[in-house]
Amino acid sequence: MPTTFNTPDEYIASFAPDIQEKLQSIRSLIKQLVPEATEKISYAMPAFALHGNLVFYAAFKNHIGFYPSGSGIAAFEHEFIGLKWSKGAVQFPMDKPIPYDLISRIVEFRAGESRAKAEAKKTAKKAAKKA
């Protein structure tokens, strides 16, 4: 198994079929929710970007790691009952159903943040040009 991947497809293909299915489901969900986001490999894992990093996801021996940044964790930490999580990540155990509804809400929250940040930058640029 390579230690570096060039595409999310390569990354996902490196896992057993049952794990590939989970990773592909997460990937498809994010694509559906934020079709304008671009996919990439960053920090050796699949990621989506929308005016900057949006979310990352990765497979490990016993869990799927989901990395929606500190703000994505802080906004939903009250829903992580029974899950391991830190200030930037949450772990979804392999032996339990993936909480796609929770992932959807986190991704939509992060996309909203990203769009608002981009809009604020655009507004600040326009104001600076006028000054």
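Any read-out appearing in this document is the output of simple, stated calculations on the displayed coordinates, not a laboratory observation. Owing to the predicted nature of the structure, the values given are computational and were not obtained by experimental measurement. Glycine also receives a Cβ, built like all others from the backbone with ideal geometry; neighbour counts cover every protein chain displayed.
Total lysine pairs in the chain at Cα distances under 24 Å, for residues eight or more apart or on different chains: 26. With R₀ fixed at 25 Å, the C-beta to C-beta distance from THR7 to LYS125 puts the FRET efficiency at about 0.15.
Taking amide H as placed 1.01 Å from N in the peptide plane, the amide H of HIS63 sits under 5 Å from that of MET94, each at least 5 places away or on another chain. Any idea what log10 I(q)/I(0) is at q = 0.10, 0.12, 0.13 Å⁻¹ for the stretch 8-130, Debye with uniform C-alpha scatterers and no solvent? The calculated log intensity ratios at q = 0.10, 0.12, 0.13 Å⁻¹ are -0.32, -0.45, -0.52.
For a paramagnetic label modelled on ASP101 (point 7 Å from Cα along Cα→Cβ), amide N atoms under 18 Å away belong, within the stretch 69-90, to 76-83. For the chain, the longest stretch holding no chymotrypsin sites (Phe, Trp or Tyr not before Pro) located in a DSSP loop with at most 10 other Cβ atoms within 10 Å is which? It runs 61-131.
The trypsin sites (Lys or Arg not before Pro) found in the stretch 1-61 that occupy coil by DSSP, while having at most 13 further C-beta atoms within 10 Å, are LYS61.
Once the Cβ-Cβ distance of ALA49 and PHE109 is raised to the sixth power relative to R0 = 22 Å, the FRET efficiency obtained is 0.85. For the stretch 37-42, the Karplus equation 6.51 cos²θ - 1.76 cosθ + 1.60, evaluated at θ = phi - 60°, returns couplings of 6, 9, 9, 7, 9, 9 Hz by residue, with Gly and Pro reported as x.
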